[in-house]
Structure formats: C-alpha cells, structure tokens
Amino acid sequence: MAATLTSPLRRPRRSQICIGLTCVTLTCIGAAGCAPVTAPARAQVVEVEAIDPAPSAAPAQPAAREKVMLGEPSLTAGVPGSGPITLAEIDAWLADPKNFVELDPVLPLGLSQGAAQITGLDKNPLTRAKIELGRQLYFDKRLSADATVSCASCHDPSMGYSAHTKTGVGIRGQLGGRNSPVSFNRILTGVQFWDGRADSLEAQAVGPIQNPIEMGFTHEGVVKRLGELPVYKKQFDKIFGGLTIDRVGQAIAAFERAIVTSPSPYDYYEQMKAFAGLDAEDIADDPDLAKRYADAKAAVEAHPMSEEAKRGREIFFTEKGNCTACHVGANLADEKFHNIGVGMEAEKPDLGRVAISKDPKDTGAFKTPTVRNVALTAPYMHDGSIATLEEVVEWYDKGGHANPQLSDKIRPLKLSAQDKSDLVAFMQACTSPTPPVQAERLPADQ
Ligand code: HEC
Ligand code: HEC
C-alpha cells in the first residue's frame, strides 16, 4: 500500500515516499532538510507515483495473483484474432491459466490516492478471462430485445464513455429521462445511478437490460439468448460454472472496473508539486529519488498545465470556487448527493435521491459526477440541460437555482470573466486517455 506525503509536512525526521509498488525512506538532514510544502488553502494528501508501473520479472510459474496497473492495454485488447470470436479461439483462450489468475489492480497516478476506495473485488474478483467476457457483453447489441442497443450505445468510449445526447436513447429510439453518466473509474465507486438506487456495479449492470426504454429485454430472455451462443456458453461455464443473470452483471462489472482514466496534466502537476517540499540536495543524494524527480519533471513538461488551468485549479480547490466541497478525492467526486438546483424550476421536477432515501433533505439531490474527462462528455447534469462547461460555470457563478433544498455549499461566486475561463481550463486539464479497448470482436453466432 502506497504511503503518502501530506502537506504541510509535519517536519518529519524521515519521510517515506512511495512510487508505484516500491517505497523509499528519505532521511531529512537538519531542520531545513525537509522544508514544509507551500500549503494549499485546503490541506491535501498528495502522492508521488511512478509514471509507469515497474515491470516485474515474469515468474516461471503463473503466480497465484498478478499485480496489474489498470489501463494496461492487454486487459482490454480482446481475445487474439480478428472477426467474430470462434469456438476454437475461445477454447485456446480459456485453456490459458494466466487468464484465470486473480488480479490485484494498481491504480494509475492520480487515481492511486483513492486506492482505499476500491470496492467490490472481494465479492467479484478480477481475472483477465472475466474482464474479457464483460468486454464482449458490454459491446454486444444482442443484450437488447431487438439487438440494436448495447451498453456502449449510451456509454461510448469515443464519447468519453457517455453519449452526446440530452438523455439516453434506447431501443426504437425511445428517450429516457436522464443523461447518460460515464462508466469509467467505476472501481472507485459504491452506489450507482444519479440517485444511487443500485447498491453495486453488479446490480447496476443488469438494470438496463430489462429497462423497457433502454434495452427493452428480460433477464430470462437474455440468459436464454446468450446460452444459445456457444462462445458465451463456454465462457460462463468455465469462468463461473454456469450462466445466470447475476453472472452477466459480474462480468460486465469486471470490465467496467478495468476502465480507468490515465494521468492527466492535472495529475502530473500534482505529482511535481509533491516534490516541492523536498530539499534539492536530498533528491540529488538519493539516486532512486533523483530518477523519479527527473521522470516527474519530464512528465509535467510533456503534459503541461496552462497558466489558465493553474489559476483555475486554485479557484476549484479554494473557497473562491468551492468546487471541492463536492468534487473531491481521487475521482473528483464525493459519491454523495446534493441539490444544486438543476431542473428544480420545472412544474414537476425530477426529485432524485429522495425517491430512494425517503429523506426530505434529499429532495432534488443527485450524485456528484466526476470532473475527470468532463470536457469529453457534454451535455451536462442529470437532465442534460447544460450544453457546455462555460455554461456550467455560469450556473455555479449565479449560485445554482434557488429552491428550498438548495445545498448550503452553493452560493453566488462573483467570479470574473477571467476566473470563469480559468475554471474551464482547469477542467480541461483533467482530461486524459482511457485504455484502448477492442470494441469489434464479439462471439460468433454459432
Ligand atoms: C439507453 C441508454 C443506456 C443504455 C443502453 C445503458 N445505459 Fe447505463 N445509464 C444510462 C442512463 C441515462 C443512466 C443514468 C440513469 C439514472 O441515474 O437514473 C445510466 C447509468 C449507468 C451507470 C451508473 C453511473 C453512475 O455514475 O452512477 C453505469 C455504471 C451504467 N449506466 C452502465 C451501463 C451498462 C453496463 C449498460 C449495459 C448493460 C448500460 N449502462 C446501458 C443510459 C444507458
Ligand atoms: C454542493 C456540491 C457541489 C459543489 C459545491 C459543486 N458541484 Fe458540480 N456538481 C454537483 C452535483 C450534485 C452535480 C450534478 C447535479 C445534477 O445533475 O442535478 C454536479 C455537476 C457538475 C458538472 C457536470 C458534470 C456532468 O458530467 O454532467 C460539472 C462540470 C461541475 N459540476 C463542475 C463544478 C465546478 C466547476 C464547481 C465549482 C465552481 C462545482 N461543480 C461545485 C455537486 C457540486
């Protein structure tokens, strides 16, 4: 488990710095040896991480467990080959013991500070075989009644794992009532949906299949159809010991947990900032640390944050913008529910969380979405009512929309035009690639 550098440093005699999977202890020489980091307005925990996972020597025998950095392309590359996946290919895939080794996922820089937030692996361990089965199911339109809609129709990798429509568009072009949220970085999240009505990713994944305006099928129907496709049948039998709707959910959840955002310019900037508290001589004295410092510096130079984005970061993380009152933590989302007034002007507003919690305080409250890759996922909000990030910032600047349950964290911000564009620039600096995913290769019809 990676240790962290907290800022301001409490003048430790020794500080431990963990990068990737290894830690070094740095001894501070003299009182000035470990100068305190310039404290940001809100004390944060910053972690120094390697840019690339340290490649471990391949064991002669497949290990009982495999440590793997999420985002590693081989996890989502699909069964080797081209065209529809054949029975012979799947037999070879399932015969390879390495695809059944339990994975210990390591999070990439930035998300790694949220390692303690990882949920669901005890009940649904990750293996390469399970992630691959989930990948096939995620992109397979045969999971919908008329075989026209897949999960990817509304959570499309080319649209930041969401859809550029105001609300979800299901079978026969039916419109849902809410905007499609993102399906990445789910490994760090608990309850799902804007109102949190699904307890887990597994429970969430089987919902759309029988939602009449999404995939419009039944659980019985989908289990029967998949059971008639030998490539699926083989995989469910070998991976789970049989095919049930719950296992469909488990496989899809495993795939979603493998989809994470890689480090963004913001993360490289934070990584570099963590070194600011260390003395140059101490860095130079420790070859290992010196190498990491050089790597962090190179990364920040290759993925720079603009001056606008740096100023925007200050607004985002301080009282001035107050964004981190809710968009906080590794995924820049607190996983809680807040009323910021969106849609509350309607005659019959969508009341959100209260329908689940029955707590009147939750009237008009929705789950805080991530700001990671938000530049890729317009339109915004649970109802898709805001078209651009500029307009989102205007929304916050005017203090949301007044209503009796408006969060006390929402108030007029009085930002200047420059502040507003800086905030947008900061959010844009939170953009980074998700892993390359094989979206075409699906099980053959027979
Ligand atoms: C017709 C469009 C559509 C399809 C198809 C669809 N979704 Fe969704 N998805 C949505 C919408 C809209 C929501 C938000 C609904 C709500 O909160 O009430 C959502 C919510 C989610 C969430 C919750 C995210 C969060 O932040 O809480 C996940 C995860 C997800 N979908 C994954 C999937 C998977 C997996 C499938 C395929 C089995 C799928 N979706 C199929 C539109 C769709
Ligand atoms: C009180 C908690 C809270 C605060 C403070 C807050 N947000 Fe939000 N944010 C939310 C919630 C909740 C939503 C979704 C609201 C809805 O759809 O009804 C949201 C939505 C968003 C979205 C749209 C994301 C999407 O995928 O649709 C962006 C962008 C955003 N916030 C940025 C910011 C910025 C920038 C600030 C600071 C100026 C900020 N937020 C302050 C809770 C908050």
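Could you please find all residues in the stretch 249-281 being part of a helix (DSSP H, G or I) and of a type in the set (Ser, Thr, Tyr)? Tyr266, Tyr268, Tyr269 - these are the residues of the stretch 249-281 that are part of a helix (DSSP H, G or I) and of a type in the set (Ser, Thr, Tyr). Taking residues in the stretch 324-337 that are within 19 Å of Pro263 (Cβ to Cβ) and without any contact (Cβ under 8 Å) to a residue 12 or more places away in the chain, and partners anywhere that are more than 9 Å from ligand 2 (Cβ to nearest atom) and not in a loop (DSSP other than H, G, I, E, B), not one pair has Cβ atoms closer than 7 Å while being at least 6 places apart or on different chains. State whether one or more residues within the stretch 348-371 are touching a helix residue (DSSP H, G or I) at 6+ places or on another chain (Cβ under 6 Å) and within 8 Å of ligand 2 (Cβ to nearest atom). Yes, because at least one residue in the stretch 348-371 is touching a helix residue (DSSP H, G or I) at 6+ places or on another chain (Cβ under 6 Å) and within 8 Å of ligand 2 (Cβ to nearest atom). Quick one: would you say Ala387 is more than 7 Å from ligand 2 (Cβ to nearest atom), at pLDDT 95 or above, farther than 25 Å from Leu111 by Cβ and not assigned by TED's automatic domain parsing to the domain that holds Trp194? Yes; evaluated as a whole, the condition is true for this residue. The set of residues in the stretch 313-348 that are farther than 18 Å from Tyr396 by Cα and buried (at least 16 other Cβ atoms within 10 Å of the Cβ) comprises Gly329, Ala330, Asn331, Glu335.
On inspection, Leu137 qualifies as in a helix (DSSP H, G or I), away from ligand 2 (no atom under 16 Å from the Cβ) and surrounded by 22 or more Cβ atoms within 10 Å (Cβ to Cβ).
Here Pro265, Pro304 are screened, and the one residue that is more than 30 Å from Ala439 (Cβ to Cβ) and more than 16 Å from ligand 2 (Cβ to nearest atom) is Pro304. Close Cβ contacts (under 6 Å, 6 or more residues apart or on different chains) running from residues in the stretch 413-433 that are of a type in the set (Val, Ile, Thr) to residues that are in a loop (DSSP other than H, G, I, E, B) and crowded, with 20+ Cβ neighbours inside 10 Å comprise Thr431/Ser264; Thr431/Asn373. For the stretch 65-86, taking the residues that are assigned to a loop (DSSP other than H, G, I, E, B) and aliphatic (A, V, I, L, M), the one that is nearest to the chain's Cα centre (by Cα) is identified as Leu70. Is it the case, given these coordinates, that Gly177 is within 13 Å of the chain's Cα centre (by Cα), outside any strand (DSSP E or B), within 16 Å of ligand 2 (Cβ to nearest atom) and surrounded by fewer than 23 Cβ atoms within 10 Å (Cβ to Cβ)? In short, no. Filter the stretch 201-248 down to residues that are among the basic types (Lys, Arg) and outside any helix (DSSP H, G or I), then give me how many there are. So the answer is 0. Out of the residues in the stretch 348-375 that are in contact with a Leu (Cβ under 8 Å, 6 or more places away or on another chain) and within 20 Å of Leu188 (Cβ to Cβ), which is nearest to ligand 1 (Cβ to nearest atom)? Looking at the filtered set, the residue picked out is Thr370. Against the list (1) on the phi > 0 side of the Ramachandran plot; (2) more than 16 Å from ligand 2 (Cβ to nearest atom); (3) within 15 Å of the chain's Cα centre (by Cα), the condition Ile187 fails is (1). Please list, ordered by first then second residue, the pairs with beta carbon atoms under 6 Å, 6 or more apart or interchain, first in the stretch 371-389 and within 14 Å of His401 (Cβ to Cβ), second of a type outside the set (A, V, I, L, M) and away from ligand 1 (no atom under 12 Å from the Cβ). What qualifies is Asp383/Gly343; Ile386/Tyr380.
The values are calculated or read from the model by the stated rules, or taken from the named source; none is laboratory data. This structure is a prediction, so every number in the text was calculated from the model and none was measured. We place every Cβ from the backbone using ideal geometry, glycine too, and count neighbours over all the protein chains shown.
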